[in-house]
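Asks: A single structure is presented below for examination.
The values are calculated or read from the model by the stated rules, or taken from the named source; none is laboratory data. The structure displayed is predicted, hence computed values, not measured ones. Ideal geometry is used to build each Cβ from the backbone, glycine not excepted, and the neighbour counts take in all protein chains shown.
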């Protein structure tokens, strides 16, 4: 009645049914047959399938155990004892109940069996159908409990995807498989670009809906053998395993991008969620890398693409290591720049459309290193944002702007309002409004002399935090303006209720306004919108009279650009103010 399994000559299967799957590991065939008969009597109303393994060393036991409901293993079997086998498979993550069978009742063996992971310990002489029935049912209940605990330990509660712990384990196994089979593997780390904005604008239920839907779409976009995990927050990972051609990975990457093309519906609202993706590819030629190395490469690619812009993907290449090392050096130098007095402010005047008098100035941060190298803000501001040292720098800029205004006032100089750029990280920091108020009081500066600029994108992404700070500071007299207007996305209904006094048209629309019909139309729309909302328009980047003549501005609007002045030192700004007054006075 027994039949051999070709793949494993030491395995014999007794086919009685297909409901309860039992594995018996015993090198004594007489003992095996005895246990089998008792099992059939114990479950005479239920079909079972009994598999016999004579030599456990002949098979991958952990892989075999995954297919069974319960395993009975003899204590005295070959070179390894049953207890030692239980210990080893338990360490490798086995959760199939294992019942130790022995010919003698030994308390020491009983204690060790429990310690090493056995679900029960039975002596062969005491076996009865009733005892086996009870032990199996109890062990299966234990297994279900273990499954639930494993699910809690290794899966994300919201999405059901693998969590970070299980992801690391799965990626490690996938890397070993890829190395053994000489195939390609790709790790994609995915970061949702505007998830915070969705949470802030629509609430956390909407955010949870987005995460759940994205998770489902990602699972549908890959094979069952691929890995999808939620690493935390709005960050996901996908592992493509065992691909023979690199081109396959490129096409699969496109499928992942399609996941974010369709909006997600939440309470009749269409939520658009974009993503940035960093990709690390492991080739068959590579020496087998570790989990941390592959994750680091994908993270680095993600870091690069988010610095260049969002809603895109980037493959890691070795050249990135040099640029990342430079970024790390820049970050270290930047943290010391304040204490080393390497940062300073320039001020670019803003003039009134009506009479070209100076009506304000924007404080612009500059960095000259101790070696005399000038590093542009386009280079160091993104690094400051990512490292969060923008918080210290932002406080320094506010402090220096107020200190400079107090210095001018003490000299009897008639000053104009100074505009300061505010990072979204600053606004989200507890006590932001209180810090500004304390600084104004410290230098005895009227709040109306301090203008605060925040970009349109930052405004909408951090709306919950921004709204409270905007209103608190507006109450004491500070003025807010939206910078780079037209480059992001604004909810006009929200814009209308925020305490905004100005919007700034980004220079990208001005540079080609003489020849670009779209730029002209966009500027006209923004100006018309501002007039409707009773807001002042500030046009930055004006360099020629021809550009100026393309703008249908109101008398209250303001201009900023090289046509009027480059950014100036504090001393040069004072001279510029005096010269402008003299020029206007002499022309009247």
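Asks: Any chance you could count how many residues in segment 469-484 are farther than 8 Å from residue 452 by Cβ and free of Cβ contacts under 8 Å to residues at least 60 places away in the same chain?
Replies: Looking only at segment 469-484, we keep the residues that are farther than 8 Å from residue 452 by Cβ, and these are 469-472, 474-477, 482-484.
From the residues that got through so far, the ones that are free of Cβ contacts under 8 Å to residues at least 60 places away in the same chain too are 469-472, 474-477, 482, 484.
Final tally of qualifying residues: 10.
Asks: For residue 225, work out the one condition from (1) touching a residue at least 60 places away in the same chain (Cβ under 8 Å); (2) assigned to a loop (DSSP other than H, G, I, E, B) it doesn't fulfil.
Replies: (1)
Asks: A further question follows. Would you be able to say whether some residue in segment 169-181 is in contact (Cβ under 8 Å) with a residue 60 or more places away in the chain, under 18 Å from the mean Cα position of the chain (by Cα) and within 22 Å of residue 287 (Cβ to Cβ)?
Replies: There is no residue in segment 169-181 that is in contact (Cβ under 8 Å) with a residue 60 or more places away in the chain, under 18 Å from the mean Cα position of the chain (by Cα) and within 22 Å of residue 287 (Cβ to Cβ).
Asks: Which numbered condition trips up residue 231, out of (1) over 22 Å from residue 298 (Cα atoms); (2) surrounded by fewer than 22 Cβ atoms within 10 Å (Cβ to Cβ); (3) touching a helix residue (DSSP H, G or I) at 6+ places or on another chain (Cβ under 9 Å)?
Replies: Result: residue 231 passes all but (1).
Asks: Would you check if residue 332 is more than 30 Å from residue 255 (Cα to Cα) and assigned to a helix (DSSP H, G or I)?
Replies: So residue 332 fits the description; yes.
Asks: Residues of segment 554-579 being in contact (Cβ under 8 Å) with a residue 12 or more places away in the chain and in a helix (DSSP H, G or I), which ones?
Replies: The answer is 570, 573, 574, 576, 577.
So that you can scan it fast, the table gives a plain yes or no per residue for (1) modelled with pLDDT of 85 or more; (2) touching a strand residue (DSSP E or B) at 6+ places or on another chain (Cβ under 9 Å); (3) exposed (fewer than 13 other Cβ atoms within 10 Å of the Cβ):
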position: 315; (1), (2), (3): yes, yes, no
position: 321; (1), (2), (3): no, no, no
position: 335; (1), (2), (3): yes, no, no
position: 354; (1), (2), (3): yes, no, no
position: 370; (1), (2), (3): yes, no, yes
position: 376; (1), (2), (3): yes, yes, yes
position: 380; (1), (2), (3): yes, yes, no
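Asks: Examine segment 21-32 for a residue that is farther than 22 Å from residue 102 by Cα, out of contact with any helix residue (DSSP H, G or I) (no Cβ under 9 Å at 6 or more places or on another chain) and modelled with pLDDT under 90, and state whether such a residue exists.
Replies: Of all residues in segment 21-32, those farther than 22 Å from residue 102 by Cα come to none.
So far as segment 21-32 goes, no, none of its residues is farther than 22 Å from residue 102 by Cα, out of contact with any helix residue (DSSP H, G or I) (no Cβ under 9 Å at 6 or more places or on another chain) and modelled with pLDDT under 90.
Asks: Here is a further query. How do the pairs read when you match residues in segment 42-71 that are part of a helix (DSSP H, G or I) with residues anywhere that are at pLDDT below 75, using Cβ under 6 Å and keeping only pairs 6 or more apart or on different chains?
Replies: These pairs meet every condition: 58/10; 62/92.
Asks: Do you know which residues across segment 501-523 are surrounded by 14 or more Cβ atoms within 10 Å (Cβ to Cβ), modelled with pLDDT of 90 or more, out of contact with any helix residue (DSSP H, G or I) (no Cβ under 8 Å at 6 or more places or on another chain) and assigned to a helix (DSSP H, G or I)?
Replies: 520, the sole residue that qualifies.
Asks: If you go through segment 123-165 one residue at a time, how many are in a strand (DSSP E or B) and without any contact (Cβ under 8 Å) to a residue 24 or more places away in the chain? Steps first, answer last, please.
Replies: Here is the first cut: in segment 123-165, the residues in a strand (DSSP E or B) are 123, 155, 162.
Imposing the further condition that a residue be without any contact (Cβ under 8 Å) to a residue 24 or more places away in the chain reduces the set to 123, 155.
Number of matching residues: 2.
Asks: I would also like to ask the following. Would you call residue 286 in a loop (DSSP other than H, G, I, E, B) and either free of Cβ contacts under 8 Å to residues at least 60 places away in the same chain or out of contact with any helix residue (DSSP H, G or I) (no Cβ under 9 Å at 6 or more places or on another chain) (or both)?
Replies: So residue 286 fits the description; yes.
Asks: Between 551, 498, which is surrounded by 13 or more Cβ atoms within 10 Å (Cβ to Cβ), part of a loop (DSSP other than H, G, I, E, B), modelled with pLDDT under 90 and touching a strand residue (DSSP E or B) at 6+ places or on another chain (Cβ under 8 Å)? Spell out the reasoning first.
Replies: Numbers: 551 fails: modelled with pLDDT under 90.
Exactly one of 551, 498 is surrounded by 13 or more Cβ atoms within 10 Å (Cβ to Cβ), part of a loop (DSSP other than H, G, I, E, B), modelled with pLDDT under 90 and touching a strand residue (DSSP E or B) at 6+ places or on another chain (Cβ under 8 Å), namely 498.
Asks: Residues of segment 269-283 being under 30 Å from residue 206 (Cβ atoms) and in contact (Cβ under 8 Å) with a residue 24 or more places away in the chain, which ones?
Replies: 269, 271, 272, 273, 274, 275, 276, 277, 278, 279, listed by residue number.
Asks: Could you please find all residues in segment 123-139 being surrounded by 15 or more Cβ atoms within 10 Å (Cβ to Cβ) and either touching a helix residue (DSSP H, G or I) at 6+ places or on another chain (Cβ under 9 Å) or closer than 18 Å to residue 50 by Cα (or both)?
Replies: 124, 127, 129, 132, 133, 135, 136, 139
Asks: Go through segment 433-455 and give me each residue that's farther than 17 Å from residue 479 by Cβ and either under 38 Å from the mean Cα position of the chain (by Cα) or outside any helix (DSSP H, G or I) (or both).
Replies: Residues of segment 433-455 farther than 17 Å from residue 479 by Cβ: 434-435, 438, 441-444.
Answer for segment 433-455, where residues must be farther than 17 Å from residue 479 by Cβ and either under 38 Å from the mean Cα position of the chain (by Cα) or outside any helix (DSSP H, G or I) (or both): 434, 435, 438, 443, 444.
Asks: Shifting gears a bit: Considering only segment 102-115, I want to know if a residue exists there that is under 24 Å from residue 173 (Cα atoms), loosely packed, with under 15 Cβ neighbours inside 10 Å and touching a helix residue (DSSP H, G or I) at 6+ places or on another chain (Cβ under 9 Å). Working first, answer last.
Replies: Start the filter on segment 102-115 by keeping residues that are under 24 Å from residue 173 (Cα atoms), which leaves none.
No, segment 102-115 has no match at all.
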